[in-house]
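The block underneath contains the structure these notes are about, expressed in structure tokens.
The values are calculated or read from the model by the stated rules, or taken from the named source; none is laboratory data. What you see is a predicted model, and the numbers here were worked out from it, not measured in a lab. As a convention, Cβ positions derive from the backbone with ideal geometry for all residues, glycine included, and neighbour counts pool all protein chains shown. Surface areas here come from the heavy atoms of the whole protein model, side chains and all, with no ligands, DNA or RNA. Shrake-Rupley method; radii C 1.70, N 1.55, O 1.52, S 1.80 Å.
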Amino acid sequence: MSDTGELKSIELPENITVRELSESLQTSPIEVIKTLMSNGVMANINQQVDFDTAAIVAAELGFDATPLIVEESLEDSAEIPLWRQWIARENPEKLSVRPPVIGILGHVDHGKTTLLDAIRQADVAGGEVGGITQHIGAYQVEHKNRQVSFIDTPGHAAFTAMRARGAQGADIVVLVVAADDGVMPQTREAISHAKAAQVPIIVALNKIDRPNAVPDQVKQQLAEVDLVPDEWDGDTLVVPISAKEKQGLDDLLEAVLLVADNNEILANPEGVTFGTVIEASHERGRGVMATFLVQNGTLKVGDSVVAGQTSGKIKAMFDFKGDKIKEAPPSTPVSVMGLADIPEAGEIFRVAKSTKFAREIVDKRKQLVADRAVVAGSALTLEELFARVQAGEVKELRLIIKADVQGSLEPIVSSLKEMDVEGIGVNILHADTGNISENDVMLASTSEAIIIGFNSKPDSAARRKADIEKVSIRSYDIIYRLTEDIDKALKGLLEPERRESTVGRANVLAVFGASRIGRAAGCRVVEGEIRRNARVRVIRGEEAIFEGEIASLKRHQEDVREVRDGFECGIGLKGFNDFEEGDVIECFTIEMVKII
Ligand code: GDP
């Protein structure tokens with residue numbers, strides 16, 4: 001219940017997932033699921049409930065819900081960042097234009113850092129002489145009296161993991177491509193991230209000062225990855241620059257404003273305040289300092305905030321120059337003091353109505369993380385994905401494909417693209433050669449995709465990330481098997497893989513007469529152990545003649561749970577009595593494995 005006792009008004013859409021509803025109501029999904037259950041509705045975190053149901057939950061949690069009319073349907077919006085979905089739900093009349101937020105992506109050494117420095121310095125030189133800029137992971141510049149915010153994180157250790165989210169926090173991606181090197185693997189990755197987040201791309205064709213620059217060849221490569229330059233009648237602005245020589249920067253900012261104007265970049269400065277955590281660290285004498293990018297509402301000193309797994313009250317706030325400020329409107333990057341702990345980069349922060357309430361949300365979130373094994377996580381296995389496709393929640397299977405060589409990638413991609421089962425198709429978010437990287441896992445996690453490896457394995461960082469993010473990686477070495485599995489997944493026939501591991505073996509030494517539960521075999525365990533609750537099969541000669549469960553496992557007339565190698569025991573099986581001396585009883589476990 002609301003601690004003020006009054007109902008807070010809230011607008012809710014026609015349909016909303018449990019996860020979104022919990023975010024809107026500033027509570028945990030568990031709370032929402034419990035409230036739904038107490039009203040007789042069973043739903044998991046990813047399931048949608050209709051407005052009427054959501055309104056009942058809202059009322060119980062202290063909100064008065066009214067229906068929100070959204071012109072465009074937001075269904076199938078898993079790839080669109082949450083903050084953008086929230087802004088889309090603001091009352092259109094209250095929205096106003098805000099400065100665009102730019103993320104700079106590109107292959108290593110193509111000049112991201114140099115470009116970010118050049119843009120920042122150009123502005124400082126033209127503005128306040130000697131103005132000191134703090135490195136807070138984001139900054140703002142002024143061009144033609146308009147503000148532009150840049151996310152400035154490439155050199156940062158967290159950047160690899162941030163890249164997927166970096167694209168998500170941005171309104172426009174500037175893709176840096178070196179004119180002497182062209183489209184490279186991380187260029188393609190960046191394009192996939194930006195496309196998945198539906199963020200427009202501007203290409204900064206860098207290093208044109210280099211004698212070996214081949215801009216036309218690079219434009220050709222760009223056209224091949226669906227970024228057709230505007231001068232060739234395409235949609236992509238390609239701006240030649242030299243970050244080192246500070247050439248073309250004005251043109252680039254011009255292009256940014258042009259794309260911004262064509263893409264209605266809006267927010268409600270008076271709405272609920274939320275945004276993205278850019279970076280955070282512990283600073284001696286100041287405690288936790290976090291850089292927030294405000295994306296809606298206005299952040300104020302004194303506000304209580306929740307950011308991922310931490311909360312706090314904003315004690316002080318600084319802009320990127322290090323100047324103290326009291327208020328931060330949409331698109332402003334600010335460094336804030338007052339959080340109890342370091343939030344993770346890429347998390348969403350939001351203002352809560354009280355510090356106490358903020359702490360409660362964090363407690364519930366922590367509990368939710370602990371319960372995550374029970375409540376479905378955000379990432380999906382192929383089977384779960386199919387279940388959602390069937391439920392109409394997802395209209396496509398999203399895949400990321402990594403293959404060892406280009407020669408195998410092409411036939412895989414072309415045969416998958418053709419697949420369509422009753423209107424459900426395959427959407428290939430990213431396809432490239434090489435090992436499965438941490439970035440692939442991040443992209444899969446943020447866009448609810450499955451990773452398919454063809455003679456390509458995850459490296460150890462990717463494997464670790466996949467475990468944490470619960471991203472499914474399936475490996476193949478035969479193209480036919482791969483396409484067959486995807487076809488089955490689309491048709492809903494894919495069964496989880498059954499993986500068997502042998503626990504132990506026992507030889508039948510003697511057969512005892514009938515007892516109340518049937519006949520039993522006197523055995524000696526010759527390998528591993530026999531476990532009472534595992535499955536067994538009886539092997540005679542070369543053949544398995546029975547498979548089933550153990551009815552009784554005894555040592556010296558006593559029921560036991562397991563008998564180890566070297567010991568004798570009596571084994572009775574459910575539904576099998578025909579033991580013969582010399583039979584082997586093999587004990588095994590079966591795991592239904594979904595993740596390879
Ligand atoms: P990042 O890895 O994408 O951040 O790339 P950096 O900004 O660190 O740049 C990599 C290298 O390319 C550095 O040695 C830069 O000095 C150089 N570089 C960046 N931009 C240009 C440019 O426009 N022209 C030339 N000639 N070199 C550049």
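Annotations for the structure displayed:
- Residue within region 11-18 that is within 21 Å of Val351 (Cβ to Cβ), free of Cβ contacts under 8 Å to residues at least 60 places away in the same chain and buried (at least 17 other Cβ atoms within 10 Å of the Cβ) present: yes
- Top-ranked residue in region 107-121 [being more than 6 Å from the ligand (Cβ to nearest atom) and open to solvent by 20 Å² or more (accessible area, probe 1.4 Å); ranked as nearest to Leu222 (Cα to Cα)]: His107
- Conditions (1) under 28 Å from Thr332 (Cβ atoms); (2) open to solvent by 50 Å² or more (accessible area, probe 1.4 Å); (3) within 16 Å of the ligand (Cβ to nearest atom): number failed by Leu258: (3)
- Number of the exception - Ile191 against (1) within 27 Å of Gln406 (Cβ to Cβ); (2) within 16 Å of the ligand (Cβ to nearest atom); (3) not in a helix (DSSP H, G or I): (3)
- Pairing each residue of region 193-217 that is touching a residue at least 60 places away in the same chain (Cβ under 8 Å) with any residue that is assigned to a helix (DSSP H, G or I) and within 9 Å of the ligand (Cβ to nearest atom), provided the two are 6+ apart or on different chains, yields C-beta distances under 7 Å for Ala204/Leu115; Asn206/Leu115.
- Put simply, of Val199, Val173, Val177 the only residue that is closer than 22 Å to Leu257 by Cβ, among the β-branched types (Val, Ile, Thr), outside any loop (DSSP other than H, G, I, E, B) and modelled with pLDDT under 95 is Val173.
For every residue, the table says whether it meets (1) open to solvent by 50 Å² or more (accessible area, probe 1.4 Å); (2) touching a Pro at 6+ places or on another chain (Cβ under 6 Å); (3) modelled with pLDDT of 75 or more; (4) closer than 27 Å to Asp152 by Cβ.
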residue: Ser73; (1), (2), (3), (4): yes, no, no, no
residue: Pro81; (1), (2), (3), (4): no, no, no, yes
residue: Pro100; (1), (2), (3), (4): no, no, yes, yes
residue: Leu105; (1), (2), (3), (4): no, no, yes, yes
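- Residue that is nearest to the ligand (Cβ to nearest atom), among those in region 239-254 that are open to solvent by 10 Å² or more (accessible area, probe 1.4 Å) and touching a residue at least 40 places away in the same chain (Cβ under 8 Å): Lys244
- Residue within region 220-236 that is hydrophobic (A, V, I, L, M, F, W, C), open to solvent by less than 20 Å² (accessible area, probe 1.4 Å) and within 16 Å of the ligand (Cβ to nearest atom) present: no
- All positions within region 321-354 that are under 20 Å from Gly103 (Cβ atoms), open to solvent by less than 20 Å² (accessible area, probe 1.4 Å) and among the hydrophobic types (A, V, I, L, M, F, W, C): Ala328, Val334, Phe349
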